[in-house]
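J.: Let me begin by handing over the structure; questions about it come next.
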Amino acid sequence: MPPTWLTVVSWCALALGLASAAYIVVDITVRRFRQPMWIMEVVWPVSGLYFLMVAVWGYHRYGRPMSTRWQVEHTRPEPPPKPWWATVAVGVSHCGAGCTLGDIVAEFTVFALGATIAGEMIFAMFVGDYLAAVALGIVFQYFAIAPMRGLSLAHGLREAAKADVLSLTAFEVGLFSWMALTHYVFFPAPHLDPSSPVYWFLMQVGMVIGFFTAWPANVWLIKAGIKEAM
């Protein structure tokens, strides 16, 4: 079983993730720093669930300035330009949000159903996570691409798939590699499951790893013009 110190750290990290997400939601909705692209009002809080205060910093630095309120308060007609690395980071966070929500839904569903593949629940979770991440990732990307390009539903979904499948696959490779380590190396018997706070803390770590394994794919997709620069 996980040591006590790790359980305490896990609860603290999960609480900080929820607090970071809640803070961003309140700042956007109550304080009215509304985002011009509504899907980013989902992306920023979801990023807070696993990147904690780093996501809050990123939101303040690159999310808030996109709002009309910020531009009025700072008497600027448009947001300040982002450096290249920040453009890529926001693009990765867009993909990461779809993966994160998809993984949360799939993990609880597979666990509740007790589903397995080849006698292993982790394989069922990999399949469920990936399918849910693809579905939500394409939806997220559609609402980024279609409004900017004025695309129809069918065309928009095709372009969203082109822009996001590679990115979210790279994200899940990082996450799944970490999950396999936790399952087979760190906690081989008994395995952790979604009823444990340590499981979700390690998922937070896996999401951060996935963020960086998705980075090269996003650099290429943005430079190639396949994915919109966020």
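J.: Check Ala144, Ala217, Ala160 and return the single one that is within 20 Å of Thr87 (Cβ to Cβ), out of contact with any helix residue (DSSP H, G or I) (no Cβ under 6 Å at 6 or more places or on another chain) and either hydroxyl-bearing (Ser, Thr, Tyr) or buried (at least 20 other Cβ atoms within 10 Å of the Cβ) (or both).
T.: Details: Ala217 fails: out of contact with any helix residue (DSSP H, G or I) (no Cβ under 6 Å at 6 or more places or on another chain); Ala160 fails: out of contact with any helix residue (DSSP H, G or I) (no Cβ under 6 Å at 6 or more places or on another chain).
It is Ala144.
J.: Name the residues in the range 58-100 that are among the hydrophobic types (A, V, I, L, M, F, W, C) and touching a Lys or Arg at 6+ places or on another chain (Cβ under 6 Å), would you? Don't jump to the end; show me each part of the working.
T.: Filtering the range 58-100 down to residues among the hydrophobic types (A, V, I, L, M, F, W, C) leaves 66, 70, 72, 84-86, 88-90, 92, 95, 97, 99.
Across the range 58-100, the qualifying residue is only Trp70.
J.: Next question, about the same structure. Would you be able to tell me the number of residues in the range 117-149 that are among the charged types (D, E, K, R), more than 20 Å from Thr169 (Cβ to Cβ) and either in contact with a Leu (Cβ under 8 Å, 6 or more places away or on another chain) or assigned to a helix (DSSP H, G or I) (or both)? Explain how you work it out, then say what you get.
T.: Looking only at the range 117-149, we keep the residues that are among the charged types (D, E, K, R), and these are 120, 129, 149.
Next, only the ones that are more than 20 Å from Thr169 (Cβ to Cβ) stay: 120, 149.
Next, only the ones that are either in contact with a Leu (Cβ under 8 Å, 6 or more places away or on another chain) or assigned to a helix (DSSP H, G or I) (or both) stay: 149.
Total meeting the criteria: 1.
J.: While we're here: In this structure, does Pro36 turn out to be buried (at least 19 other Cβ atoms within 10 Å of the Cβ) and free of Cβ contacts under 8 Å to residues at least 40 places away in the same chain?
T.: On the way: buried (at least 19 other Cβ atoms within 10 Å of the Cβ): no; free of Cβ contacts under 8 Å to residues at least 40 places away in the same chain: yes.
Against the criterion (buried (at least 19 other Cβ atoms within 10 Å of the Cβ) and free of Cβ contacts under 8 Å to residues at least 40 places away in the same chain), Pro36 does not qualify.
J.: Checking Arg61 against (1) assigned to a helix (DSSP H, G or I); (2) in contact (Cβ under 8 Å) with a residue 24 or more places away in the chain; (3) of a type outside the set (Ser, Thr, Tyr); (4) surrounded by 14 or more Cβ atoms within 10 Å (Cβ to Cβ), only one condition comes out false. Which one?
T.: Result: Arg61 passes all but (4).
J.: Residues Leu131, Leu192, Leu136: which one is modelled with pLDDT of 90 or more and buried (at least 19 other Cβ atoms within 10 Å of the Cβ)? Break it down stepwise before answering.
T.: Working: Leu131 fails: buried (at least 19 other Cβ atoms within 10 Å of the Cβ); Leu136 fails: modelled with pLDDT of 90 or more.
Going through Leu131, Leu192, Leu136 in turn, the sole match is Leu192.
J.: Among (1) over 21 Å from Tyr199 (Cα atoms); (2) under 14 Å from the mean Cα position of the chain (by Cα), which single condition is Ala118 missing?
T.: The one condition Ala118 does not meet is (2).
The values are calculated or read from the model by the stated rules, or taken from the named source; none is laboratory data. Every value quoted in this text rests on a predicted model; they were computed, and no experiment measured them. Note that we place each Cβ from the backbone using ideal geometry, even for glycine, and neighbour counts take in every protein chain shown.
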